[in-house]
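Engineer: Please see the structure below; I have some questions.
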Amino acid sequence: MKSSQTSFSGAVIWSFLDNISGFFVTLIVSAVLARLIAPSEFGLLAMVGVFIGFLSVFKNFGLNSSLIHKKNPTKQEIDSIFWISVFITAGLSLIIFLGAPYIARFYDNPRLTEITYGLALIFFLGSLSSIPDALIRKALDFRTFFLRNISNKLISGAIGILLAFKDFGVWALIAQNFVSTLYITYISFRMVEWRPSFYLNFKILKPHFNYGIPLIALRIFYHLTNSIDSILIGKFYGPTQLAYYNKAFSLMKLPLGKISTSVSRVVFPSFALINNRNETIWKKYLKLLSVTAYISFPLMAIMFLMADEIILTVFGDKWRASIPIFKAFAFVGAIQTLTYSGTILQSIGKTKLLFVLNSILKGIMIVLIVAGLYFFKIPGAITGYSLGMLLELIFGSYFLAKSIAQNPFDVYKSISKEFSITLLFTFMLYFTMEKFRIENVLIKLVLIFFGGVLPYLILSAKWNLEGYIFIRQKTKDLLLKNKGK
């Protein structure tokens, strides 16, 4: 049990390092590209991306998740999953290719036809690395992920920037994705011992399909809720407004998403190993919530308070229209980092419960987004998305608790102090900045540090918040390890 815990903690740390380093590289690359490429070009890519994202739901029928979930898959199972995934993705890529003219007609923009052709090829190539990725994750080998991902972001980012300097516009972004996909596929195969043999047996795939097929419906709802706003904004407001919207959303997700991704991609394989120990699962879940909230809540508050400076510094003045959208998305980001319940239900094999629950919740979210966009335009869509995410957190944690015989109110206790402190200091700082019309960046930073960050750290130490204890302990362990060397 000790080794398992060590493996879990080590995997989280490597996953966190992967995401932190990826955050800074992605931020720098995005900042450069945003200054070299017009917003409308980003919007064109986003228009096609929502349709390709929908078809990606069917890429491997959830078989790679089933591969992670199963404790000791055979070589024949892995080979069969690989080849069925390749064949399925080849068919989907053909659909994308043939559908290119119709996508262009839907948005009334002929440039989208060729863009769709290019993305169809990238879509197919991406399927080749899914099984090596699953094997790396299954082994909790996130050190490998770190080395692979950081080098990939540097290489593909450099190529994208070089082509952007040459005025390739949207094609610089497509080339960046193409190089990234090729590199990921090549390195992933180099980092695992498994090599595919041509073996396909549908009989041994049956239990994997039984596990994975319910996930398809979940992913359909997930994609619809994450793309219906982009589809409608792109259709009725055009590529430039869609670019402002998507850029604000992606920048919000960049730091906060790295936090949840660092943990959630470790959560799935590691919780699959303890899926019969309900109390252990629940304790780990509550700890994940506490640690995540400890980091994400104040980070969300800082992003809200410094929205103007962040957008203008990172992307430049031509992206100023993204500022109010970015502020509105700060609340969404904090909630999203806490939605681990679906990943845990999936990891312990509760896919049918997850299917029913998400079918209802995602359906409600879609209605809220569409209604919000119709009545209140873009701010309404963001409000609908926020309410939907809040419902997902509340009901997801409730049914997870009930499925493993635990108290759902423990969830709110685990994050109540982090939420209360953050809300208090955010309100005070915002009121002060507005009342005295503080616009100087340095004064804002000093005010946030002494009026928010420092009191937050003092109170978290005094109250022994889970996140504070976790970070302090990991820092001590790291210092002792370096001292021992």
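Engineer: Just one of (1) 67, 57, 50; (2) 80, 57, 50; (3) 70, 59, 42 is Cα extents along the principal axes in Å calculated from these coordinates, so which is it?
Structural biologist: (1)
Engineer: Give me the orientation-averaged projected area of the Cα convex hull of the stretch 295-404, in nm², one decimal.
Structural biologist: On the way: hull surface 31.9 nm².
Across all orientations, the stretch 295-404 yields a mean hull projection of 8.0 nm².
Engineer: Would you mind calculating the relative contact order of the stretch 68-148 from Cα pairs under 8 angstrom and at least 6 residues apart, reporting the percent as a whole number?
Structural biologist: Values: 44 pairs, mean separation 27.7, N = 81.
Relative contact order here is 34 percent.
Engineer: Now, a different point. Averaging sequence separations of C-alpha pairs under 8 Å and six or more residues apart, then dividing by the length of the chain, give the relative contact order as a whole percent. Could the numbers behind the result be given before it?
Structural biologist: On the way: 607 pairs, mean separation 93.3, N = 485.
Relative contact order of the chain: 19 percent.
Engineer: Which of the GluC sites (Glu not before Pro) found in the stretch 417-473 are loop residues per DSSP with 15 or fewer other Cβ atoms within 10 Å of their Cβ? Before the final figure, lay out each step's value.
Structural biologist: Values: sites: Glu418, Glu434, Glu439, Glu466; in loops: Glu439.
Answer in residue order: Glu439.
Engineer: Which entries in the list Lys287/Lys462; Lys287/Lys417; Lys206/Lys402; Lys253/Lys327; Lys284/Lys413 go over 22 Å, if you measure between the two C-alpha atoms of each?
Structural biologist: Working: Lys287/Lys462 18 Å; Lys287/Lys417 14 Å; Lys206/Lys402 29 Å; Lys253/Lys327 12 Å; Lys284/Lys413 14 Å.
Table pairs above 22 Å Cα-Cα are Lys206/Lys402.
Engineer: Could you work out how much longer the chain between Asn464 and Tyr374 gets when fully extended? Use 0.36 nm per residue separation minus the Cα distance between them, nm to one decimal. Walk me through the intermediate numbers first.
Structural biologist: Numbers: separation 90, 0.36 × 90 = 32.40 nm, distance 4.57 nm.
Additional length available on full extension: 27.8 nm.
Engineer: For the pair Ile220 and Ser420, what calculated FRET efficiency results from E = 1/(1 + (r/R0)^6), where r is the Cβ-Cβ distance and R0 = 45 Å, to the nearest 0.05? If you can, show how the numbers build up before the last one.
Structural biologist: Working: r = 37 Å, r/R0 = 0.82.
FRET efficiency, Ser420 to Ile220: 0.75.
Engineer: Tell me, what HN-Hα J-couplings in whole Hz come from the Karplus equation 6.51 cos²θ - 1.76 cosθ + 1.60 at θ = phi - 60° for each residue of the stretch 286-297, using x for Gly and Pro?
Structural biologist: 5, 5, 4, 4, 5, 5, 5, 5, 4, 8, 6, 4
Engineer: Then there is this: Between Thr280 and Leu98, what is 0.36 nm times their sequence separation minus the Cα-Cα distance? Round to one decimal in nm.
Structural biologist: Working: separation 182, 0.36 × 182 = 65.52 nm, distance 4.95 nm.
This chain segment gains 60.6 nm when fully extended.
Engineer: Something else: Roughly how many nanometres apart are two label points built 7 Å out from the Cα toward the Cβ at Asn210 and Tyr186?
Structural biologist: 4.2 nm
Engineer: From the Cα gyration tensor of the stretch 388-478, with a ≥ b ≥ c the square roots of its eigenvalues, which class applies: rounded if a/c is under 1.5, or else prolate if a/b is larger than b/c, or else oblate? List each step's numbers first, then the result.
Structural biologist: On the way: a/c = 3.09, a/b = 1.58, b/c = 1.95.
Judged from the Cα gyration tensor, the stretch 388-478 comes out oblate (a/c at least 1.5, b/c at or above a/b).
Engineer: At Leu442 and Ala31, where each label point lies 7 Å from the Cα along Cα→Cβ, what is the point-to-point distance in nanometres?
Structural biologist: So the two model labels end up 1.9 nm from each other.
Engineer: Ignoring the sites themselves, what is the longest stretch of the chain with no chymotrypsin sites (Phe, Trp or Tyr not before Pro) in a DSSP loop and at most 10 other beta-carbon atoms within 10 Å?
Structural biologist: Numbers: sites that count: Phe198, Phe436.
Longest stretch, sites excluded: 199-435.
Engineer: Taking 0.36 nm per residue of sequence separation and subtracting the Cα-Cα distance, how much length would be gained by fully extending the chain between Ile471 and Ile155, in nm to one decimal? Walk me through the numbers before you get to the answer.
Structural biologist: Working: separation 316, 0.36 × 316 = 113.76 nm, distance 3.17 nm.
Length difference between fully extended and current span is 110.6 nm.
No value in this document is a laboratory result; all are computed from the given coordinates. This structure is a prediction, so every number in the text was calculated from the model and none was measured. In this analysis, Cβ positions are derived from the backbone assuming ideal geometry, glycine residues included, and neighbour counts consider all displayed protein chains.
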